[in-house]
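Please read the structure below before turning to the comments.
The values are calculated or read from the model by the stated rules, or taken from the named source; none is laboratory data. What you see is a predicted model, and the numbers here were worked out from it, not measured in a lab. Because the Cβ atoms are built from the backbone with ideal geometry, glycine has one as well, and the counts that use them run over all protein chains shown.
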């Protein structure tokens, strides 16, 4: 009996020891489970709905004295993986700092806060967070307390963070608009390799608030640099006042600037972007008749047709018979995606210079896309001005693919001035494709010697 009791007692003691040993061994696993570990199936489900719950649980502890939560080797294996199988890194330090500390803070931001905002705006994987952070930076730039030092802090952080082109354009514009004095001074301070880009981005912002200062900067430039910056200047002048910008282009034309029509087309595009199609049309139609209005109308027609060619065509019909505005028909045809519909519209027009320009544009498109069919249609036409215009357009489209054929067909145009112009235009492309052959062709072409310099593009 005593032996039996002793035996039972021994088994009971053994069971208790085993239980406590097992509890100790199971302790770490219970601790990990409390931190949010899931089964593989559940973890995948959480990832699919955007809830990787282990990011915070297994990331580095903010309390350095406590040490890591898990053994690094174990933690690496347990870190959640994305759908592609890559381990998800523990990021978001900047995000939480910005959100909790100063994203909505009113008042000046210090250097560290600006740097964190830039990092979030540039590097966050969340597009909404990037936008919010960048908008906060722009808000800071609009404040009365914004300084040159803050601007440089942002620029340096953007450079190191790898900001994209759109962010650079927006930031530089905002600097010119919100702190003109320091932005202008930066032109001379910035390294030369960045000067052109900075000036191009900043100038429209400057022109939107201090137009005369911006004009003075551009007019001090020369050559190609001045041409480029004039276009950027007009963007800012349009933001300042459309009437002011328009008068500026007319003044350039009166002073003999050969690029005035080109600048008017640029301004027209800006007006369309800010005022919409109806506003752009109203503005262009209000201009004084002449070359500049024609340029503005062509630009409006181009933008209008790109958005709604049918409506643009209906609007353009009021200009049938107006010589100075005839080229806008060609703009509409070139932007019309459905060339069959474009051709039908051209055929419905009353005979005019505009109708012929539109016909030329139709065959320019066909010469580039369906040259054999286009040539058959042209050859079937009776000899007339319409046929010459069709050939003229056809050659422009064909020359980019086959300069040799283009110069040959250009010689078939019967109108002398148009024929020579078409031959030179086609020869420019031919020269790019085969210089020696072009030289041989030119000798027998009958063109005047000075035409050669038009073809090669130099004297």
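A few notes on this one:
- Residue in the range 380-390 that is under 31 Å from the mean Cα position of the chain (by Cα) and either in contact (Cβ under 8 Å) with a residue 60 or more places away in the chain or in a helix (DSSP H, G or I) (or both) present: no
- Residue count for the range 365-403, restricted to those that are closer than 18 Å to residue 415 by Cα and crowded, with 16+ Cβ neighbours inside 10 Å: 12.
- When we screen 406, 411, 368 for residues that are closer than 30 Å to residue 439 by Cβ, under 35 Å from the mean Cα position of the chain (by Cα) and modelled with pLDDT of 90 or more, the only hit is 406.
- Lone unmet requirement of (1) part of a helix (DSSP H, G or I); (2) in contact with a helix residue (DSSP H, G or I) (Cβ under 9 Å, 6 or more places away or on another chain) for residue 417: (2)
- Residue ranges of helices (runs of 4 or more DSSP H) in the range 74-169 with at least 2 members within 30 Å of the chain's Cα centre (by Cα), surrounded by 15 or more Cβ atoms within 10 Å (Cβ to Cβ) and modelled with pLDDT under 90: 93-101
- Selection status of residue 284, touching a helix residue (DSSP H, G or I) at 6+ places or on another chain (Cβ under 7 Å), farther than 19 Å from residue 241 by Cβ and either touching a residue at least 40 places away in the same chain (Cβ under 8 Å) or part of a helix (DSSP H, G or I) (or both): no
- Test set (1) more than 24 Å from the chain's Cα centre (by Cα); (2) surrounded by 18 or more Cβ atoms within 10 Å (Cβ to Cβ); (3) under 14 Å from residue 113 (Cβ atoms) - residue 179 fails condition number: (3)
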